[in-house]
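Below: one structure, written as structure tokens.
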Amino acid sequence: MELPQNEFSDGPVETDVVIIGAGPVGLFAVFELGLLDIKCHLIDILDKVGGQCAELYPEKPIYDIPGLPVVSGQELTDRLMEQIKPFDPTFHLNERVDSLTKLDDGRFHLKTDVGRSFFCKVIVVGAGGGSFTPKRPPLQGIEGYEGTSVYYSVRRMEDFRDKDILVVGGGDSALDWTLSLQPIANSLTLLHRRDDFRAAPHSVEKMRELVALGQMRLMIGQMTSMDGVDGKLEGVTIKSKEGEERIAINTVLPFFGLTMKLGPIANWGLNLEENLIPVDTEKFETSEPGIFAIGDINTYPGKLKLILSGFHEAALMSQQAHRYIYPDKKLLFQYTTSSSNLQKKLGVK
Amino acid sequence: MAKITFIQPDGTSETVDATVGQTVMEVAKLADVAGIEAECGGACACATCHVYVAEDWREKTGKAAEMEEDMLDFAFDVREESRLSCQIKVTEELDGLIVQVPNKQF
């Protein structure tokens, strides 16, 4: 399976539909919309498609997809990608939609965190549990150091030159950044709760070599507090089997995985019920005409957070989306088994 | 039937009925026990159902399996007695089990 490529055009994107979230339901929406000649762009905060299926449980078996007695999260994602290939959707990964405004001409304007603009007639929110964001260690006052001393990702390596860095975690992100930043840091300490690492064995081996050479320090323990002045971190206290120790540090990179937060969706003026978007059960439309919500992010009487429910929602949503995009065209209901028109779109005829 | 007691960080506790075969996470979610989030729905993929097993019960609940240990890396304030409650299956033997909910699930 080919990996979807990020589109790197600077100009604004004009399209029929923008789907926010490239999880299984967002991907299937491409199929249902595509059958109705509607073109889609998808935006996802993750660096890959598949949403929770790909991020949380790529290898876990799913047993309740109709027709597939067992399928892993990654396999389901791969199959959906194959299914929507004829409709050639454009993916914008590693991007988060920050703002949504309605224009006077009835279209919507979306802006992402990388400054890209999208203009579209219909928005489909398929954002699941919200945006995946790095987990913030629950240490008192940590918010005050974020962006000045505490970072959850490395955007520019140069920013870390000559710093006294503490990397926390035991997975690939923690180990990869340990190895990349160690040569330019003034000092580097890797902290993990146990002397056992999930990261690739060769990275762990390399890290241990650096420790043996005295070029970095490995500590087994957990952070208990931070101290500093005016947003500038000065030290971190670490609890280990031997007791507590404070080390002088001015930069921390915690890698504790991702969690889902509703994020900017809360500011788009949509009605919300306990962080979910209420929709009707005929069109799955939100309080704002032209904006739909499908999959885990929506709520309605009897809602079940199942992938198969999201697929159904995508199909019904598409009917109404068609009315907005082609107001003058009559919609003829067709089956893929018999319609030569649909089969042509799917490239099978 | 088994009873499971959840102790909150502030010391309050509640004892709820559990059915053999459920996971401790499911028991907590059904009873709306505060502090058990279970963001991934029980797939051992998020570490937001972290609990501390009371001392007398550790032998019966056993130790975390390797995959669960890996997931515990994503929890905070992990201790010797840390488990992910979605990975503890309720058995008759666990009737009376006491677990403590951590200060924060992250």
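Computed quantities for the displayed model
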item: Assigned charges on the beta-carbon of Lys, Arg, Asp, Glu; chain A dipole about Cα centre (debye); result: 440
item: Distance between modelled label sites at A:S340 and A:R217, nm, 7 Å Cα→Cβ extension; result: 7.7
item: Neighbour-limited loop hits for trypsin sites (Lys or Arg not before Pro), the range A:111-192 (at most 15 other Cβ within 10 Å; DSSP other than H, G, I, E, B); result: A:R155, A:R156, A:R161
item: Where GluC sites (Glu not before Pro) fall in DSSP loop in the range A:41-79, at most 13 other Cβ within 10 Å; result: A:E59
item: HN-Hα J in Hz across the range A:330-338 - Karplus 6.51, -1.76, 1.60, θ = phi - 60°, x for Gly and Pro; result: 7, 9, 9, 6, 9, 9, 5, 5, 10
item: Rounded FRET efficiency, nearest 0.05, which uses the C-beta distance separating A:K206 from A:R107 and R0 of 56 Å; result: 0.60
item: Cβ neighbours within 10 Å from other chains - mean over B:34-40; result: 2
item: Estimated FRET transfer efficiency (A:N267, A:V229; beta-carbon r; R0 35 Å; 0.05); result: 0.60
item: Which listed pairs, of A:K261/B:K60; A:K303/B:K104; A:K102/A:K330; A:K85/A:K135; A:K303/B:K89; A:K303/B:K3, have C-alpha distances above 32 Å, in listed order; result: A:K261/B:K60; A:K85/A:K135
item: Cα-centred dipole magnitude for the range A:136-256, charges only on beta-carbon of K, R (+1) and D, E (-1), debye, nearest 20; result: 200
item: Chain A: angle of helix A:172-181 to the longest principal axis, Cα-based, in degrees nearest 10; result: 50
item: Ellipticity estimate at 222 nm from DSSP helix runs (n ≥ 4, -39,500 (n - 2.57)) divided over chain A, nearest 500; result: -6500 deg cm²/dmol
item: Vicinal HN-Hα couplings computed from phi for the range A:95-104 (Karplus, 6.51 cos²θ - 1.76 cosθ + 1.60; Hz; Gly/Pro x); result: 10, 10, 6, 9, 9, 9, 9, 8, 8, 5
item: Inter-chain shielding of B:74-85 (mean C-beta neighbours from other protein chains, 10 Å cut-off); result: 3
item: Global form of chain A, assessed from the alpha-carbon gyration tensor, a/c cut-off 1.5; result: prolate
item: Relative contact order %, the range A:136-256, counting alpha carbon pairs below 8 Å whose residues are six or more apart; result: 34
item: Cα-based convex hull volume of the range B:2-100 per residue, rounded to whole Å³; result: 89
item: Calculated FRET efficiency for the pair B:A31/A:I247, C-beta based, R₀ 56 Å, to 0.05; result: 0.85
item: Global geometry of the range A:1-145, whether rounded, prolate or oblate, following the gyration tensor of its Cα atoms and the 1.5 cut on a/c; result: oblate
item: Nearest-ten-degree value, helix A:24-35 long axis tilted from longest Cα axis of chain A; result: 30
item: For the range A:136-256, with +1 on Lys and Arg beta carbons and -1 on Asp and Glu, the positive-most of A:H192, A:G144, A:M226 along the dipole; result: A:H192
item: Principal-axis tilt of helix A:73-84 within chain A, Cα atoms, nearest 10 degrees; result: 40
item: Principal axes of the range A:136-256: Cα extent on each, largest first, Å; result: 39, 34, 24
item: Inter-label distance for A:E59 and B:E55, nm, one decimal - labels placed 7 Å from Cα along Cα-to-Cβ; result: 3.7
item: Distant-in-sequence amide H partners of B:I98 (H built 1.01 Å from N, under 5 Å); result: B:T5, B:A54
item: Full-extension gain in nm, A:D98 to A:K239, via 0.36 nm per residue minus C-alpha separation; result: 47.0 nm
item: Relative contact order [Cα under 8 Å, 6+ residues apart], the range A:105-189, whole percent; result: 19
item: Disulfide-incompatible cysteines by the Cβ rule (no partner under 4.7 Å) in chain B; result: B:C44, B:C49, B:C86
item: Gain on full stretching of the segment that runs from A:S180 to A:R194 - 0.36 nm per residue minus C-alpha separation; result: 2.9 nm
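No value in this document is a laboratory result; all are computed from the given coordinates. Small disclaimer: the values here were computed from a predicted structure and weren't measured. Quick reminder, even Gly has a Cβ in these numbers, built from the backbone with ideal geometry, and neighbours come from all protein chains shown.
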